[in-house]
Structures are given as structure tokens and as C-alpha cells.
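Below: the structure, in C-alpha cells.
Values quoted throughout were computed directly from the atomic coordinates according to the rules given, and no laboratory measurement underlies them. Note that the coordinates shown come from a computational prediction; the quantities given were computed from them, not determined experimentally. With ideal geometry, Cβ positions are generated from the backbone for all residues, glycine too; neighbour counts draw on all protein chains shown.
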Amino acid sequence: MQKFIGTGVALVTPFKKDLSVDFDALVNLVNHNIENGTDYLVINGTTAESATITAQEKEQIIEVIIKTNNKRLPLVLGVGGNNTAVVLEELKTRDFTGIDGILTVAPYYSKPTQEGFYQHFKAIAECTDLPIILYNVPGRTAKNMEPATTIRLANDFKNVVAVKEAGNNKQQYYTLLKDKPEDFLIISGDDDLALGVALAGGSGVISVIGQAFPKQFSTMINHGLKGNNKDGYDIHYKMMDVIDYIFEENNPAGIKTVLKELSICENHVRLPLVKASEQLTDKIKTFVKEFK
């Protein structure tokens, strides 16, 4: 699964002032990443505000990204939820032409047992031949999928090829890296830990901040994959503050503020999210102005 090694980015959904999707800005964002070193793109993840995107908008967004990408980078589509039957129905009915894999989130709100996680993902794995990246993000789902469950799925289903681990838990990363099958990918979902995970044997990152600074962030991750500790951390230390900023209030309000300062898209978000505060916006403006 070489196509999922390196720096993937979880694309935002740009909105206009009236909160309709800004497709011109989306094209700008996709090209910005393709032209500056991103390795693959993730569509309709949490950062895309997928919870407030309509079914029609989702189809339009996928179409625009596939067309803009024009087969230049691998594409991963978010297909997940806490209703297993609905997820399976999408897998059975959607046309996945142009999509290289799916990112499927651990069921949120329901708080299943570890066996519940296993049975949910087992059903997904048996429903599609597409490569599957599991997505563990307990800060949003309210329940951690334990390493033993992830490894069990990796061993039992050949199309379960990776996990995006976003628990911000170093020990959990180490356990996954120690126990994983040889070809199974451990992908960081934590921008602040991504370099360390790569240096420890991980396969890269699905990043939020990477879409704003793809050249710098992907260079950092490549240093990590090559074991270049010093060069990687030279970049990491320069980006530490902005990584903290974009998650200080909510995601994606923070990253959209960064993208606005880079003239890539506006910073509008849909309720119940709100724009970054004036105080946070000022810190982001200062960082972007001074970052080199």
C-alpha cells in the first residue's frame, strides 16, 4: 500500500459567505496540495465538516475533487458512521471510480464494546474490495478502539490495510507498531505526534495542518520516514505553535483561518461550529506572516 505512505491531508470544505460550498476555492486547495508535495488526498473526513454536508453536496464535492485531481494523486474517501447498515448500503451502491481507498471512522456516540468495533469493521471489510483505512479518534467518538482490536482486524482481513490512529496516545502508537502485521500501516492522525510516529516506524500522517503548508509538512514527514531525526525536528519545532493553534478552539475553524491568511479559501464554518475567536485569529495571522 505504497500509495498511503507519506503525507495525506484531510481536506476542508470551503464555504462562501452564504455557507454554500465554494467549489472554486476547493479547486485551489486541491491544486495547492498537489503542486506542493502532498502524497494523497482525503475527501469527506471530519475536517471536511462531513456532519453538516448534504448528500447532494457530498456528490458534487467528490466529483470536483476527482476532476481536479485528474489521477495525479491517490484519493481516499471517508465512508463511515455509527449505523453499520447505512455504511454498508453506501458501499454497495456508490460508484467508487477514481477512489483508491476508504477511510472509515470508528462508530461514534454508540460507544460499542471492542467486539462491537470488530463486528462493525468486519461487516465493512466483507462488503468491499477497496483498501480500508480504519480511523480511531476517541476524542470525537467517545470510545477508544484498543490496539488488540485493530490488530485483530488487520490479521483477519487483507483489505484492512491501515489505521489512522488519532488518540494522541504515544503508548498506543508504540503498541500498534510493535504488534502490527508486517505490511499493515500505522498512520498518525495527530499532527503534533506525526514526526515521532514516523521515526518510530509509522507510515506517515493524515494531516490537518499539512493542507496549508504541504511543502514543509511533507518534507518533515519524509525526514521521519528516512530516520532523519534532526532535520525533521528542525521543521517540527517551527510548526509547533500553529499546530496547537488550529486545534485550540475547534477543527476546522482553526485551519480555515490559516487557509484564509494564505488566500486559499475563506474561514466560514457551519453551525454548530463557529469561526475562530479574534484572539486566536490574531495569533494565526502573526504566525502565517512570520512563517518561512
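If you go through the range 244-268 and keep only what is buried (at least 20 other Cβ atoms within 10 Å of the Cβ) and either part of a helix (DSSP H, G or I) or of a type in the set (D, E, K, R) (or both), you end up with Tyr245, Ile246, Ala253, Gly254, Ile255, Lys256, Thr257, Val258, Leu259, Lys260. Checking the structure you have, find out if any residue of the range 71-88 is in contact with a Cys (Cβ under 7 Å, 6 or more places away or on another chain), surrounded by fewer than 19 Cβ atoms within 10 Å (Cβ to Cβ) and among the hydrophobic types (A, V, I, L, M, F, W, C). Within the range 71-88 (the criterion being in contact with a Cys (Cβ under 7 Å, 6 or more places away or on another chain), surrounded by fewer than 19 Cβ atoms within 10 Å (Cβ to Cβ) and among the hydrophobic types (A, V, I, L, M, F, W, C)), the answer is yes, since at least one residue qualifies. The set of residues from the range 269-292 being surrounded by fewer than 20 Cβ atoms within 10 Å (Cβ to Cβ), among the β-branched types (Val, Ile, Thr) and under 17 Å from Ala51 (Cα atoms) comprises just one member, Val274. Residues in the range 89-111 that are farther than 15 Å from Glu126 by Cβ and either hydroxyl-bearing (Ser, Thr, Tyr) or surrounded by fewer than 15 Cβ atoms within 10 Å (Cβ to Cβ) (or both): Thr93, Asp95, Thr97, Tyr108, Tyr109, Ser110, Lys111.
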